[in-house]
1. Tell me the relative contact order for segment 1-135 as a rounded percent, counting alpha carbon contacts under 8 Å between residues six or more apart.
2. For Asp150 and Leu101, compute 0.36 nm times the residue count separating them, minus their Cα-Cα distance, and round to one decimal in nm.
3. Please compute the net charge surrounding Ala37, taking Lys and Arg as +1 and Asp and Glu as -1 over other residues with Cβ under 11 Å from its Cβ.
4. Residues of the chain: accessible area per residue at 1.4 Å, in Å²?
5. Once the dipole of segment 97-168 is set up with Lys and Arg at +1 and Asp and Glu at -1 on Cβ about the Cα centre, which of Gly120, Leu164, Thr102 lies farthest towards its positive end?
6. Determine ³J(HN,Hα), in whole Hz, for all residues of segment 132-143 in sequence, where each value follows from phi through the Karplus function 6.51 cos²θ - 1.76 cosθ + 1.60 and θ = phi - 60°; x replaces Gly and Pro.
7. I need the peptides 33-42, 109-118 ranked by packing, meaning the mean over residues of other C-beta atoms within 10 angstrom, with the highest value on top.
8. In terms of solvent-accessible area of protein heavy atoms at a 1.4 angstrom probe, what is the ranking of Leu163, Leu16, highest value first?
Amino acid sequence: MSQGNMKIVATDSFVLSDAERHEIEHEIGHYPDARAASIEALKIVQKHRGWVPDGAITPVAAMLGIPPPDLEGVATFYSLIFRHPVGRHVVKVCDSISCHLTGYEELRDAFVAALGVRLGETTRDGRFTLLPICCLGACDRGACVMIDDDLHGPVDPAQVKQLLEPYA
Ligand code: FES
């Protein structure tokens, strides 16, 4: 449900920007049921801020016309929505079954060594966050990894440093 031009203000002093509101309203317009725009609305906030703060849930839920806990559930379930600040680039290493069978552990270890962080951590310079992720839908390309929106696979662990170079 669109809220028109009404300013949406939430607790914790969180306010959606005009650009975020306009983009979310536009997205809602694509669906007969605004609830269906939940993931895209969260992605819009993430695009603008790099992650989805807790304070965003209530105003976005208000725009969608759904209870905040429902949107919180979507945000928590969907692994590509980040609920904590992340680095400029997010490296997501697939840890599901096909990639496990085709070298996940070696690939994970190569990223851990190259970045100097463990899974779930961000490099000190804020350049990369390293995360595990469930199946990327590219099981025939395991072991695979997604860096930002780029899918790479199969990735040879020896290629990891080279793979990271373009992501400044
Ligand atoms: S198991 Fe890794 S992409 Fe499907």
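The values are calculated or read from the model by the stated rules, or taken from the named source; none is laboratory data. Please read these numbers as outputs of a predicted model, since none were measured by experiment. Cβ coordinates were reconstructed from backbone atoms using ideal geometry, including for glycine residues, and neighbour counts include every protein chain displayed. Note: accessible area is taken over every heavy atom of the protein model, side chains too, but ligands, DNA and RNA are not part of it. Shrake-Rupley method; radii C 1.70, N 1.55, O 1.52, S 1.80 Å.
1. Computed over segment 1-135, the figure is 21 percent.
2. Values: separation 49, 0.36 × 49 = 17.64 nm, distance 2.18 nm.
That works out to 15.5 nm of additional length.
3. Values: positive: Arg35, Lys43; negative: Glu23, Glu25, Glu27, Asp33, Glu40.
Cβ neighbours under 11 Å give a net charge of -3.
4. 53 Å²
5. So the residue furthest toward the plus end is Gly120.
6. x, 8, 7, 2, 8, x, 10, 4, 7, 10, x, 7
7. Most protected by this proxy first, the peptides run 33-42, 109-118.
8. Leu163, Leu16
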